[in-house]
Amino acid sequence: MSLELGNLFEDATNTRFLNLVKDNESVKMEIDNLFDVSKFNELLAVTYVSSSSFFLRIVNKFDKAQLIKGIDDSDVLNRFKEGIDKICKPEESIKFWESLDEESKEKIRSNRLSIRYGNMGLVIHSKFYLLKGEDHTRVIIGSANLTKTAFSDKDQFEELMIFDNSPLYDLYLQRYQEILANTLDYIPERLSKASSDQLLLVTDPNLLNDILLENVAHKKIVISENVMEQLKNKPQELASEAREGEDLVQMIELITKKQVQGKGRAILSLIELKSKVIQIKTVLSKINVKSDSIDTRQGLFYRDSDNTLLKQESNANASLETVSKRMNERQLIRDRLLNINQFIEAYRLFTTSNNPETLSRICEIILYAFMSPYLWRIRQHFVSETGRETSRQSIPPFMIVAGRAYSGKTTAIEYISILMGNPSKYMPYEHISGKNVIADFFKSSNLMPIYTDEINTNFFTSKLAYKGEQFIKEVTNSYDSKHPVLIGTTNASQFDVSHQIKRRIYYLGVNNAFDTKRKQEAEEYLSQIMGAADELLFADFSWRVAQSINNNENFYQPNDYLYLARKIFRDYYREAELPIPDWFPVGIFDDYKDRGRVIWKELYETRQKHFVQRRGNRLSVDISQFSTGDKDKQGKINYLPPDCVIEDSHVVVLNSKEFFNFIRVNPPMMDRIRRMINP
């Protein structure tokens, strides 16, 4: 099998980066001949490995292979951290295991392939390879690690000496056994014994905890205070590794204890470690205990291999099961569409104002929620398509549903949560508003939306790191892997945010109030509909989204990230032979801008004397005449588009043309005459 690296030497005039010496002379040899499976069926290797795909293409050719994983040259100075990482960062083992192909996994399960690494505190910098066949042996010694870079014969000088059927084989076999005695299995039994169809999540705290306990069980390891001091200084040495260093120190301090007379720290006994399971799981999953206990969402996870969704019940030990399933019966689709139609129609039947726009907004929340497990993927893909990191901001991971009291906004997210199979429905904001709780939810790979009710205005205005403008900007701008979205309700009358936040959230206004005189009738109607709702349509929906992605179809448009959701629902109506409702939304709404337009149009028409036209297309506004303080003043200014505002510090000066275009009102006669004279 060719590795497509070409000859290790092009011709005599080229620089030889990889120098092979055999029988006391330089030789040319392809990598398949170097690791020749026609002569050798067993491989023992001590080497650094950077890519599982490269070394597996070599070792999988052998009937039996064992690798002792060393460290890269650049990591020699980090030898203590290298060893400790293997113990305290079990997520690396999971990532490595999941990167293996099924053939390699099966070889590991059957003990035909073994991968090991140096015990804590030990450094393995040796590099040699032992090959054995029925009648032949080979020893390869030198500087080259088993990496594509080392064997590509490009830009990196490497030396390898080859000895066939030499006494050196027994000598180095003894050396190999000596090193092997000081190694641990890189693949924990918890992983190698997992069934072939079991999905292992790096974020699963139970799995991480099991592996860590397996790593430290029966090992008497001492970490010197000198090593601890180096690790504590690590965050100051490299700012980019600060968080990693802090996490590592925290874990070591958690699973070790000081020995008497300053002899360093020793790993706790297995019994002691089991008593700290909650703390260990918390540190490993990087989610604090409070967040973990508060999060009542059903687990909803993404399977990369086929882009489908899986779920896990609140019981962390429950196995994962596939959510995304095709619903083949047309009647089943029809029944669920009718259920959704009837729910949305309640906002026409039982509200004081028959406004079809409100019905469109309720449907839009459903589309956003159904598409939300894929929004991280859309954000990621859009960045790669445009080549600009700022493109991620165009797909907001926050949906804010604003409305007056009795507008049915809470009922809407409760119903939609049922449609997605989330038994907890929603979490009151006051329960999740504590330090880092929402931030922890966003760090998890649970893609069930963070449904929350009655969000306080301080969530948008706070200066704290885990809420407010900085937090919303960080999530929207920087989160580039799997993460959920937040769908929350808030009071419309108290909601005004800066432009920085406004363009990073999807704001929907639900303005119809339910008629209090028909409260009981509405509750009975909604209760019956919600009682008949289930998650089967969402299961089919996610299956269809997965198929679109698998088939490389457009699963969003730059100006409409819910494009595919709209398409799938239109297909549902067609397949169910139902007409598409007049309230079905055709594109993204801009309700915050529309709300600002209504507010400023009303201000202009009722307080026109406080708007004075100046030269140069400038409009001075005496906003103090209709503001109750600085906060109210800034709130009103926030509702203006940025291109309207020329000055807003001590006085408010607007661009006259842009302002009147915004509120869709013709400018005063004098302004129109002035613009005719000086266009």
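Considering each of Tyr479, Tyr466, Tyr525 in turn, give the residue that is among the hydroxyl-bearing types (Ser, Thr, Tyr) and at pLDDT below 85.
Answer to the selection: Tyr466.
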State yes or no: is Lys467 surrounded by fewer than 18 Cβ atoms within 10 Å (Cβ to Cβ) and either over 19 Å from Ile637 (Cα atoms) or touching a strand residue (DSSP E or B) at 6+ places or on another chain (Cβ under 7 Å) (or both)?
no
When Ile162 is evaluated against the numbered criteria (1) buried (at least 19 other Cβ atoms within 10 Å of the Cβ); (2) at pLDDT 90 or above; (3) assigned to a helix (DSSP H, G or I); (4) among the aliphatic types (A, V, I, L, M), which criterion, by number, is the only one it fails?
(3)
For segment 337-377, what are the residues that are at pLDDT 95 or above and either β-branched (Val, Ile, Thr) or not assigned by TED's automatic domain parsing to the domain that holds Asp560 (or both)?
Ile340, Ile344, Ile362, Ile365, Ile366
Counting only strands (runs of 3 or more DSSP E) wholly inside segment 547-657, the ones holding at least 3 residues that are over 25 Å from Tyr506 (Cβ atoms) are 611-614, 618-621, 652-655
Mind checking whether some residue in segment 502-519 is in a helix (DSSP H, G or I) and crowded, with 17+ Cβ neighbours inside 10 Å?
yes
Please determine, by comparing only the residues of segment 406-424 that are touching a strand residue (DSSP E or B) at 6+ places or on another chain (Cβ under 9 Å) and farther than 17 Å from Leu367 by Cα, which one is surrounded by the fewest Cβ atoms within 10 Å (Cβ to Cβ).
Ser424
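Check Lys89, Lys95, Lys107, Lys81 and return the single one that is modelled with pLDDT under 90, crowded, with 18+ Cβ neighbours inside 10 Å and out of contact with any Lys or Arg (no Cβ under 9 Å at 6 or more places or on another chain).
So the residue among Lys89, Lys95, Lys107, Lys81 that is modelled with pLDDT under 90, crowded, with 18+ Cβ neighbours inside 10 Å and out of contact with any Lys or Arg (no Cβ under 9 Å at 6 or more places or on another chain) is Lys89.
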Please find, within segment 470-492, the residue that is surrounded by the fewest Cβ atoms within 10 Å (Cβ to Cβ) out of those that are among the small types (Gly, Ala, Ser) and outside any loop (DSSP other than H, G, I, E, B).
Ser478
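Just wondering, is there one or more residues in segment 438-447 that are of a type in the set (Ser, Thr, Tyr) and either under 27 Å from Gly596 (Cβ atoms) or modelled with pLDDT of 90 or more (or both)?
no
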Residue count, segment 355-385 (criterion: without any contact (Cβ under 8 Å) to a residue 12 or more places away in the chain and of a type outside the set (Asp, Glu)):
1
List the helices (runs of 4 or more DSSP H) inside segment 321-415, counting only whole elements, that have at least 3 residues being within 19 Å of Ser527 (Cβ to Cβ).
330-349
Only listed residue being modelled with pLDDT of 95 or more, within 30 Å of Arg265 (Cα to Cα), out of contact with any Pro (no Cβ under 7 Å at 6 or more places or on another chain) and not acidic (Asp, Glu), chosen from Tyr176, Tyr117
Tyr176
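The values are calculated or read from the model by the stated rules, or taken from the named source; none is laboratory data. Small disclaimer: the values here were computed from a predicted structure and weren't measured. Don't worry about glycine lacking a Cβ; one is built from the backbone with ideal geometry, like all the others, and counts go over all protein chains shown.
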